[in-house]
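Engineer: Encoded as structure tokens, here's the structure I'll be asking about.
What follows draws every value from the coordinates through simple rules; no lab data is involved. All figures in this text were calculated on a predicted structure; none of them were measured in a lab. As a convention, Cβ positions derive from the backbone with ideal geometry for all residues, glycine included, and neighbour counts pool all protein chains shown.
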Ligand SMILES: NC(=O)c1ccc[n+]([C@@H]2O[C@H](COP(=O)([O-])OP(=O)(O)OC[C@H]3O[C@@H](n4cnc5c(N)ncnc54)[C@H](OP(=O)(O)O)[C@@H]3O)[C@@H](O)[C@H]2O)c1
């Protein structure tokens, strides 16, 4: 922890008093060097808080507004500068804690089940880490869209949480492929949502039906090594994608459209946002160790 001068907003920037910071797996990749950052660097990208000051040319927000962001570099702080184009208004009925807890992981779950693979009535999905931040939200969204979901978790407590979010079936990682076949009459699932990566990639491919879609969207267990594309052939003309949230919030209209739907589900009670762990800012090291050590469920937050 260190004291820095209060930042002043430049053109197109907004200064925000941070009320809650979202901790995401990507913060650990940046800290560890999987995604290199220029040093010295303040970690964090997600949060929510009140507008303190506006830079030139910012017309959309006013001092005192409650706002949230998924892409505000240096968000592990009491005050942060965020580009106005990245800020979203938080509607009445959603508080700062919930907004910081749902924005990044909720938008991720949203694009995965609406666009990467549009889940519809009767879709069968395999989803790893069902009790994680993205996992609990994506499970609920798959069910909202009429799909079925088989999840994996590592403990009975996590399995219980995943069932509570609506998972049709929860199993340990070793059983995922066999149970995916059993649940689909031998055919395989339509889509595998895999954020665990290195440890689960093979099993996810094997769980797919012919022409099924493998969605590799993270590497919580490590990055997947180089891949022989012939395996898509032998698996039955499979598809593979490695999506990122930024490519599904390409412009402000897309960001606001997804956010409006997401906050709407939160406000009308259709989406339950579970904050599993809250740490003061000076315990950030513990927060990262717990997230990487599989000791968390739902969302991890820091409070300045
Ligand atoms: N591409 C995108 O757009 C995007 C956006 C957001 C997040 N993500 C990715 O989605 C994943 C989930 O993010 P999150 O913040 O919601 O984290 P999380 O799922 O809450 O935490 C990771 C979970 O992965 C499971 N896991 C399995 N093997 C693991 C291992 N060897 N080490 C650590 N964890 C392991 C653990 O659950 P069990 O103990 O139950 O196994 C752990 O709790 C991350 O990989 C992240 O990078 C991608």
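Engineer: Please give the Cα centre distance for the stretch 20-64 versus the stretch 167-214, rounded to the nearest Å.
Structural biologist: 35
Engineer: Sticking with this structure for a sec: Compute the long axis of helix 252-267 from its Cα atoms, compare it with the longest principal axis of the Cα atoms of the chain, and write down the angle in degrees, 0 to 90, nearest 10.
Structural biologist: Here the helix axis deviates by roughly 80 degrees.
Engineer: Same structure again: Is the stretch 259-298 best put as rounded, prolate or oblate by its Cα gyration tensor, with a ≥ b ≥ c the root eigenvalues, rounded for a/c under 1.5, and otherwise prolate when a/b is larger than b/c, oblate when not?
Structural biologist: Since a/c reaches 1.5 and a/b is larger than b/c, the shape of the stretch 259-298 is classed as prolate.
Engineer: Between rounded, prolate and oblate, where does the stretch 111-227 land on the alpha carbon gyration tensor, with a ≥ b ≥ c its root eigenvalues, rounded for a/c under 1.5, else prolate if a/b exceeds b/c?
Structural biologist: Rounded shape, in that the Cα axes give a/c under 1.5.
Engineer: In what sequence do 300, 16, 224 fall when counting other Cβ within 10 Å, fewest first?
Structural biologist: 224, 300, 16
Engineer: According to a simple spin-label model (label point 7 Å from Cα along Cα-to-Cβ), what is the distance in nm between residue 160 and residue 246?
Structural biologist: 4.0
Engineer: Sticking with this one: Take the alpha carbon gyration tensor of the stretch 103-143, find the square roots of its eigenvalues, order them as a ≥ b ≥ c, and report rounded if a/c is under 1.5; if not, report prolate when a/b exceeds b/c, else oblate.
Structural biologist: Here the stretch 103-143 falls in the oblate category.
Engineer: Can you compute the equivalent ellipsoid semi-axes for the stretch 190-304, i.e. the square root of 5 times each eigenvalue of the Cα gyration tensor, sorted largest first and rounded to whole Å?
Structural biologist: 31, 21, 13
Engineer: For helix 133-144, report the angle its Cα long axis makes with the longest principal axis of the Cα atoms of the chain; keep it between 0 and 90° and round to the nearest 10°.
Structural biologist: Computed tilt is about 60 degrees.
Engineer: Once the mean 1/r over all distinct Cα pairs of the stretch 1-133 is inverted, what Kirkwood radius in angstroms do you read off? Present the calculation step by step, with values, prior to reporting the outcome.
Structural biologist: On the way: mean 1/r = 0.0620 Å⁻¹.
For the stretch 1-133, inverting the mean 1/r across all distinct Cα pairs yields 16.1 Å.
Engineer: For the stretch 219-271, what is the convex hull volume of the alpha-carbon atoms per residue, in Å³?
Structural biologist: Hull volume normalised by residue count: 156 Å³.
Engineer: Here is a follow-up. If packing is taken as the mean number of other Cβ atoms within 10 Å per residue, what is the order of 116-126, 233-243, highest first? Mind dumping the intermediate values first?
Structural biologist: On the way: 116-126: 18.5, 233-243: 14.0.
With the highest mean Cβ count within 10 Å placed first, the list reads 116-126, 233-243.
Engineer: Now, a different point. How many nm separate the modelled label positions at residue 229 and residue 4, each set 7 Å beyond the Cα in the direction of the Cβ?
Structural biologist: My value for the distance between the label points is 4.2 nm.
Engineer: Relative contact order (percent) for the chain, with alpha-carbon contacts under 8 angstrom and 6 or more residues of separation?
Structural biologist: Over the chain, the number comes to 18 percent.
Engineer: How far, in degrees from 0 to 90, does helix 96-111 lean away from the longest principal axis of the Cα atoms of the chain, to the nearest 10?
Structural biologist: Around 40 degrees separate the two axes.
Engineer: Starting from the Cα of residue 145, step 7 Å along the direction of its Cβ; do the same at residue 272; then give the gap between the two resulting points in nm.
Structural biologist: Spacing of the two 7 Å Cα→Cβ label points: 2.1 nm.
Engineer: Here is a follow-up. Among 128-141, 170-183, what's the highest-first ranking by average C-beta atoms within 10 angstrom per residue?
Structural biologist: On the way: 128-141: 27.9, 170-183: 17.9.
Top of the packing list down: 128-141, 170-183.
Engineer: Let me ask something else. For the chain, what is the largest minus smallest coordinate of the Cα atoms on each principal axis, given in angstrom and ordered from greatest to least?
Structural biologist: The principal-axis extents, from largest down, are 60, 37, 36 Å.
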